[in-house]
Number of protein chains: 2
Amino acid sequence: MKFCSECAAPLIVEVPEGDHRPRHVCPKCSAIHYQNPRIIVGTLPVHQGKIMLCRRGIEPRIDMWTLPGGFMENDESLAEGALRETWEESKASVEIEQLISVISLPIVDQVHCFFLANMPVAEYSTTEESTEIELFAPADIPWQEIAFETVKTTLQHYINSVQQSLTKPYQVCNTTLGPRKSDTY
Amino acid sequence: MKFCSECAAPLIVEVPEGDHRPRHVCPKCSAIHYQNPRIIVGTLPVHQGKIMLCRRGIEPRIDMWTLPGGFMENDESLAEGALRETWEESKASVEIEQLISVISLPIVDQVHCFFLANMPVAEYSTTEESTEIELFAPADIPWQEIAFETVKTTLQHYINSVQQSLTKPYQVCNTTLGPRKSDTY
């Protein structure tokens, strides 16, 4: 971030009055340009006890398996975003059951939220983002080929909940993964 | 958003290749400037069955009561952000117990996340943001003077959970409040 998006003046970095953190501030129009974490939303679609995974057709982690998900957009709820991403990546129509995981990833300034979703019919198709889509029994999950830690954590949490015969709604897995940026840079 | 924050060129609004939505795009350097929902994090601090509320010293909703909370920052987890905001607004040291609510507010492109927190000692003090801080028994909550719907929903969900004698961890309240922007503009 180098220039003010309101007036095009070069930005400076300073702690605004009444704030505690350095921000990108415009010395000309005084606009403060905040940067905040972004939300990833997705679903864990289940059809007759099997979990739908998508093989990624795009970077990062191309060719690895993932749950459908992506950046939450403005003007939608978490659940709406999760349904939209599921449709975009797999053309699957699913029904939201409950929030199943909320995972902070401070290293990349993201929060990942997954919903357990019921998939009444096993209808889906490959897309530009997904080169292969498959239903996996819990015992057959390709753990070594899962694209993201948050997806792995979400799958493990769901499978543990089912195996412990917990009744729905399941507890939401809320955790933090990975180091802080301040730990590594 | 009028100018490119990378090269200062005037932005245009168009649907980038492979995308489905209009974005702010730079015709000079091709940067795409996404806008995404922001996260509000806070706590519901409980000391010996009483809930800590803060009277707002700043707009919006000045003089109304709220739970401590504010914008999640980069390089922190949800729980860390909630603890930071609680300290900044009330100088209270609390211990995170569990995520208690996750509420989408598409009308303002926000997601509000509150944590139930234990407050071992009743130590707190007013700040620039909070002109008065008080512990309320559930029966004494000033419902007519609660600043935000998400705070009201979070308080009601917690009190219902306690009154139903549910054991911890409580279920997370996950819901959406208010209309879409597309409903109103």
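The values are calculated or read from the model by the stated rules, or taken from the named source; none is laboratory data. As the structure is a prediction and not an experimental result, all values here were calculated from the model. Note: ideal-geometry Cβ built from the backbone for every residue, glycine included; neighbour counts use all protein chains shown. The protein model used for the area step is the full one, side chains on, heavy atoms only, and it has no ligands, DNA or RNA in it. Shrake-Rupley method; radii C 1.70, N 1.55, O 1.52, S 1.80 Å.
One table, with the values for the structure above:
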| item | result |
| --- | --- |
| Flag if A:GLY49 is over 22 Å from B:ARG21 (Cβ atoms), small (Gly, Ala, Ser), at pLDDT below 95 and out of contact with any Phe, Trp or Tyr (no Cβ under 8 Å at 6 or more places or on another chain) | no |
| The lone exception for B:GLN164 - which of (1) crowded, with 16+ Cβ neighbours inside 10 Å; (2) away from chain A (no Cβ under 13 Å); (3) free of Cβ contacts under 8 Å to residues at least 60 places away in the same chain it fails | (1) |
| Residue that is farthest from the other protein chains (Cβ to nearest Cβ) [pool: residues in segment B:17-29 that are without any contact (Cβ under 8 Å) to a residue 24 or more places away in the chain, over 16 Å from A:GLU129 (Cα atoms) and part of a loop (DSSP other than H, G, I, E, B)] | B:PRO27 |
| Search result, residues across segment A:142-179 that are farther than 19 Å from A:LEU105 by Cβ and touching a helix residue (DSSP H, G or I) at 6+ places or on another chain (Cβ under 6 Å) | A:ILE159, A:TYR170 |
| Subset of segment B:85-101 (residues that are under 25 Å from A:GLN171 (Cβ atoms) and open to solvent by 40 Å² or more (accessible area, probe 1.4 Å)) | B:GLU95, B:ILE96, B:GLU97 |
| Those residues of segment A:103-148 which are aromatic (Phe, Trp, Tyr) and not in a helix (DSSP H, G or I), in sequence order | A:PHE114, A:PHE115, A:TYR124, A:PHE136, A:PHE148 |
| Selection within segment A:102-129 - crowded, with 17+ Cβ neighbours inside 10 Å and away from every other protein chain (no Cβ under 14 Å) | A:MET119, A:TYR124 |
| Test: A:PHE148 is under 24 Å from B:GLU76 (Cβ atoms), within 14 Å of chain B (Cβ to nearest Cβ) and either acidic (Asp, Glu) or within 16 Å of the chain's Cα centre (by Cα) (or both) | no |
| Evaluation of B:GLU73 against (1) over 16 Å from B:SER130 (Cβ atoms); (2) over 14 Å from the mean Cα position of the chain (by Cα); (3) assigned to a loop (DSSP other than H, G, I, E, B) (one fails), failing number | (2) |
| Subset of segment A:1-11 (residues that are open to solvent by 70 Å² or more (accessible area, probe 1.4 Å) and assigned to a strand (DSSP E or B)) | A:PRO10 |
| Meets criteria (of a type in the set (Val, Ile, Thr) and not assigned by TED's automatic domain parsing to the domain that holds A:GLU134) for A:VAL15 | yes |
